[in-house]
Amino acid sequence: MDDTRNLIDKFKGQTNEQVFDALEKTRIPLEIAIENVEHDFNIGSIVRTANSFNVSTVHIIGKKKYNRRGAMCTDKYLKIVHHATLEDFLKTQAGRELVAIENNLSRAKPLHDKSFIQNTTLIFGSENSGISPELLEKSTDIRFIESFGSTRSVNVGAAAAIAMYEYVRQRVF
C-alpha cells in the first residue's frame, strides 16, 4: 500500500513515531507560542508551518484546544505542549528571548530589523485582540510585519510563517 501522508520521500513508509524520532535529532532551537488565537484554522496552520521548519516546540497557551485538521497531521511529528495558564508557559522559558509578533503597538519595531538570537520563542496572538497585555509585558521584544496594502496586517498564520522563515534565514541558513 502506498503511503499517502504528506511526507517527504525519506520518511515514506515509516511510522509516525519513527518520523518524530528522526526529526527530533535535527530540530532547530526556535520555539513557537500561540496565545488566545480564536480560529482553529490559524492554530493548525501555525503548527503545520512549525513542522515545516522543524521547530523544537509549539506551546499553546490558554483553554482553547485546536482543530488538528488544519495541521494536516503534522502535529504527530512535532512536540506540542498545552499550558493552561500564562504562568505555566513562562516557567518553561528561562533563558529564552520572547519575541512577540504584534502589529497594534506603538512600541513595536519592524521585523526586518530584528537580529534573532539562537534561543528564541516567537509569540503569536489572536486576529482580533492580539497578544494579552500580560504576555506582552513579559516579552523581550515586540515586532511587527510591514504591510503595504489596505489592511493593517497579514493573517496570523501567514505572519507566523514569515517570522519563522526570518528566524531560519538568519540562524539556520
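The values are calculated or read from the model by the stated rules, or taken from the named source; none is laboratory data. On a predicted model such as this, the values are computed, not experimentally measured, just so you know. Note that we place each Cβ from the backbone using ideal geometry, even for glycine, and neighbour counts take in every protein chain shown.
Annotations
So that you can scan it fast, the table gives a plain yes or no per residue for (1) touching a residue at least 60 places away in the same chain (Cβ under 8 Å); (2) of a type in the set (Ser, Thr, Tyr); (3) surrounded by fewer than 17 Cβ atoms within 10 Å (Cβ to Cβ):
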site: ILE60; (1), (2), (3): no, no, no
site: ASP88; (1), (2), (3): no, no, yes
site: HIS112; (1), (2), (3): no, no, yes
site: PHE144; (1), (2), (3): no, no, no
site: TYR165; (1), (2), (3): yes, yes, yes
site: GLN170; (1), (2), (3): no, no, yes
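- Residue within region 27-36 that is free of Cβ contacts under 8 Å to residues at least 24 places away in the same chain and basic (Lys, Arg) present: no
- Consider region 35-52 and keep the residues that are of a type in the set (Val, Ile, Thr) and within 21 Å of ASN6 (Cβ to Cβ). The one that is surrounded by the fewest Cβ atoms within 10 Å (Cβ to Cβ) is THR49.
- Being without any contact (Cβ under 8 Å) to a residue 40 or more places away in the chain, farther than 23 Å from PHE53 by Cα and surrounded by fewer than 16 Cβ atoms within 10 Å (Cβ to Cβ) is a description that applies to PHE148.
- Leading residue by the ranking (nearest to ARG107 (Cα to Cα)) among those in region 121-173 that are of a type in the set (Phe, Trp, Tyr) and in a loop (DSSP other than H, G, I, E, B): PHE148
- Output for region 20-44, where each listed residue is assigned to a helix (DSSP H, G or I), modelled with pLDDT of 95 or more and not acidic (Asp, Glu): PHE20, ALA22, LEU23
- Near pairs, Cβ below 6 angstrom, 6+ apart or cross-chain, from region 1-15 (at positive phi) to any residue that is surrounded by 10 or more Cβ atoms within 10 Å (Cβ to Cβ): GLY13/ASP3
- Residue in region 48-58 that is closer than 22 Å to ILE162 by Cβ, basic (Lys, Arg) and in a helix (DSSP H, G or I) present: yes
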